[in-house]
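Worksheet for the structure shown next.
Throughout, read-outs are computed from the coordinates displayed, never taken from laboratory work. The structure presented is a predicted model; accordingly, all values stated were derived computationally and were not measured. Methodologically, a virtual Cβ is constructed for each residue, glycine included, from the backbone with ideal geometry; neighbour enumeration extends over all protein chains shown.
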Amino acid sequence: MEPRNNPNPASGDDTEIVSRRIERLSLHLNPIPRTLPDGDRQIGMATCARPKLEVDTGKLSGYMRGPHRDVQEKVFEYFESRPELQTPLEISKNDHRELCWRQLVGLVREAGIKPFRYVADDPAKYFAILEAIGSVDMSLGIKMGVQYSLWGGSVINLGTQKHKDKYFDGIDNLDYPGCFAMTELHHGSNVQALQTTATFDPITDEFIINTPNDGAIKWWIGNAAVHGKFASVFARLMLPSHDPKAVSDMGVHAFIVPIRHLDTHETLPGVEIHDCGQKVGLNGVDNGALRFNSVRIPRDNLLNRFGDVSRDGKYTSSLPTVNKRFAATLGELVGGRVGLAYSSVAVLKLAGTIAIRYSLLRQQFGPPSKPEVSILDYQSHQHKLMPMLASTYAFHFATSYLVEKYAEMKRTHDEQLVGDVHALSAGLKAYVTSYTARSLNVCRESCGGHGYAAVNRFGTLRNDHDIFQTFEGDNTVLLQQVAGDLLKRYQEKFQGGALTVTWNYLRESMNSYLSQPNPVTARWEGEDHLRDPKFQLDAFRYRTSRLLQSVAVRLRKHSTTLGGFGAWNRCLNHLLTLAESHIETVILAKFIEAVQNCPDPSARSALKLVCDLYALDRIWNDIGTYRNVDYVAPNKAKAIHKLAEYLSFQVRNVARELVDAFDLPDNVTRAPIAMQSGAYSQYTNYVGF
Ligand SMILES: Cc1cc2nc3c(=O)[nH]c(=O)nc-3n(C[C@H](O)[C@H](O)[C@H](O)COP(=O)(O)OP(=O)(O)OC[C@H]3O[C@@H](n4cnc5c(N)ncnc54)[C@H](O)[C@@H]3O)c2cc1C
């Protein structure tokens, strides 16, 4: 190790120092060498010597790039041109909140990037903007999401034309910053149990918003502590009945409640606002707590798309029950989940890029009397990072598909699609964000001590992203919705109902599951067979069908003694495994489709390689399940493991090209650091040498 402070720099060998400086300088000028100092890449891989795949990064990234790259570039260019708007490493909570607000205002008013119009009309473009600004600073991405997707989205999706006419422009140009006030101190996941009330007063034609007890204080509300002027408040709609002492509870509805004066920004009478304080991450977002004490709002402020109250206090709705209205209300809010799943993949790309570029260049140890080798040449390191890189590609295509389906749903309002998108967004959000959260630790650790320097970003990425697992629906709760949906469709299938597109595979694989595994194919172990998408997809589908069938039987058995709730709880881990298995199946299916649709042969080969790694790594991870039922024989299990390791090695050989194809601009991956460029001089400069 080089001493940090050499007490006598002149005492060393001057020529050595000079040549080291020159070497550093040349790295600085040409920071990303294409030919790596690879030592002996074949260490322990003698059997794997095959020609390296040629990957055309441009073609691959052209295929991956969404249709809205231009607006993303505008975002990157804007922040590049405004260094004073870039978030510094060390910043207080209050300064970060103010900076985040200025960043958003700059983006909208100066750069002219106005995301709100795309929330309803072109969600893919909205998510592209979200992805870009989230990679500049995740707090900014969430701040934008609160303003446009949550507050703005509730107004346009749950309200009617009169609300759009009145609020659209103000939300769009940030004159009306707002909050989405759903969660309460006592209830986060269980939204149906919210306690805030909105009681209609027929005399004044107003709703009276009340926080009945401390547990009903709205908590964690983004934009509330500092900037918000309005909140869409979720409250139980209470209507007076003919008995003057009684009121009817019509269930949870959303209401627009002004919380601060538009001009003076003073908190309005009856509203009490507190700051939720310093958080583990996302400190650029001002989360606050809101209490309402008989706050009166006009009847028109009810967001009345799914239920309305007339001047004389009569309730009308096109939906017959409280449950249906509640489901329709929440159904309109899935956009937030789609955005989180999509943004989480962006975080994974970013962290993976930094970790892999570093691991290619970092050298430690090596064979005797030979140069040191790149740490990515160690099998263990490949095992940490290469399946992750393959998963990043897999998630990229799966979440792009989700965005596409979500946009189609917004366009067509097709009922089946609404159900599909609801379950798919819940499943992908839960699966992808949990995976990314785990991977951020792996990336940090795989960069050793340098991964711990704040400048290298893993700390903020990890802290900011962590809550993605909880907000917009806790992941464990969301996976249960996926399992519930699968069971519902399973029952429908046996009652002769149709399965929608995403679930169609269950029909066939259920039939094959109900017959015994094929003892012949269970022994096939050739590479062609194991890399055949049919084998891979069949294996995933078989597992899901088996889990579905077995959990349905267990639920039936336990419900006779434990009741529905108890039986569900008894089978909960089984249900979560089922949901994850289903989501992995959908992800693989979409990945295989993306490989097959790729027009360029070189890009297609690269994608096929990572797709095979994704599939075989997952099968190997769950090999116990497949072995237990003899779906794969012992020799086949061994072959799967060997091939997965070999594919990891192959992916390592094109890892540079694969991360370059994510096409993240330098000001996003932020490389004043050795981490990505090998230019240690940039790093030593950073600490003041
Ligand atoms: C930074 C931040 C920003 C937020 N922004 C907003 C906002 O702008 N507006 C807003 O309305 N809300 C916001 N929230 C609130 C957020 O949506 C909730 O925290 C989230 O929905 C989870 O609810 P909870 O905290 O009550 O967790 P709980 O529901 O209490 O969950 C706690 C634990 O219990 C487990 N659990 C709960 N139910 C079950 C079950 N049925 N089965 C198994 N396990 C279960 C969960 O898995 C979890 O591990 C924000 C939260 C944070 C931290």
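Quick look at the values:
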{"read-out": "Spin-label pair ASP95/LYS324, simplified geometry with 7 Å Cα→Cβ offset, distance in nm", "value": "5.6"}
{"read-out": "Cα convex hull of segment 74-155 - mean projected area over all directions, nm²", "value": "5.2"}
{"read-out": "By average C-beta atoms within 10 angstrom, highest first, the peptides 456-463, 210-217, 374-381", "value": "456-463, 374-381, 210-217"}
{"read-out": "Centroid-to-centroid separation of segment 268-306 and segment 612-636 [C-alpha atoms, Å]", "value": "50"}
{"read-out": "Equivalent ellipsoid semi-axes, the chain, via Cα gyration tensor eigenvalues times 5, rooted, Å", "value": "46, 36, 20"}
{"read-out": "Largest-first principal axis extents, alpha carbons of segment 550-671, Å", "value": "59, 42, 30"}
{"read-out": "Added length on full extension, which subtracts the Cα-Cα distance from 0.36 nm per residue, ASP474 to ARG411", "value": "19.9 nm"}
{"read-out": "Extended-chain gain in nm, criterion 0.36 nm per residue less alpha-carbon gap, LYS162 and VAL280", "value": "38.5 nm"}
{"read-out": "Efficiency of FRET between ASP121 and ASN635 - r from beta-carbon atoms, R0 60 angstrom, step 0.05", "value": "0.60"}
{"read-out": "Ordering of 577-590, 287-300 by burial proxy (mean other Cβ atoms within 10 Å per residue, highest first)", "value": "577-590, 287-300"}
{"read-out": "Rounded to whole Hz, the Karplus (6.51, -1.76, 1.60) HN-Hα couplings of segment 625-642, x for glycine and proline", "value": "4, 5, 5, 3, 10, 6, 5, 10, 7, x, 5, 6, 4, 5, 5, 4, 4, 4"}
{"read-out": "Whole-Hz couplings from phi, Karplus 6.51/-1.76/1.60, listed for segment 380-386; x for Gly and Pro", "value": "5, 5, 4, 4, 6, 9, 6"}
{"read-out": "Estimated distance in nm for a label pair at ASN293 and ASP666, the labels positioned 7 Å out from Cα along Cα-to-Cβ", "value": "5.7"}
{"read-out": "Whole-Hz couplings from phi, Karplus 6.51/-1.76/1.60, listed for segment 171-177; x for Gly and Pro", "value": "5, 4, 8, 6, 5, 10, x"}
{"read-out": "Normalised alpha carbon radius of gyration of segment 338-458 [divisor 2.2 N^0.38 Å]", "value": "1.35"}
{"read-out": "Theoretical ellipticity at 222 nm over the chain - DSSP helices of four or more residues, -39500 (n - 2.57) apiece, nearest 500", "value": "-17500 deg cm²/dmol"}
{"read-out": "Extension reserve of the VAL520-LYS642 stretch, reckoned as 0.36 nm per residue once the Cα distance is removed", "value": "41.9 nm"}
{"read-out": "Least to most buried among ILE356, ILE256 (fewest other Cβ within 10 Å first)", "value": "ILE256, ILE356"}
{"read-out": "The chain, dipole about Cα centre (Lys/Arg Cβ +1, Asp/Glu Cβ -1), debye to the nearest 20", "value": "1560"}
{"read-out": "Mean Cβ count within 10 Å, highest first, over the residues of peptides 621-628, 468-475", "value": "468-475, 621-628"}
{"read-out": "Under-5 Å amide H pairs with LEU303, H placed in peptide plane, nonlocal only", "value": "ALA254, PHE255, ILE256"}
{"read-out": "Rounded FRET efficiency, nearest 0.05, which uses the C-beta distance separating ASP300 from THR264 and R0 of 25 Å", "value": "0.60"}
{"read-out": "Cα long-axis angle, helix 123-136 against the chain (0 to 90 degrees, to the nearest 10)", "value": "60"}
{"read-out": "Hypothetical label at ASN190: residues of segment 390-432 whose amide nitrogen lies under 11 Å (7 Å Cα-Cβ projection)", "value": "none"}
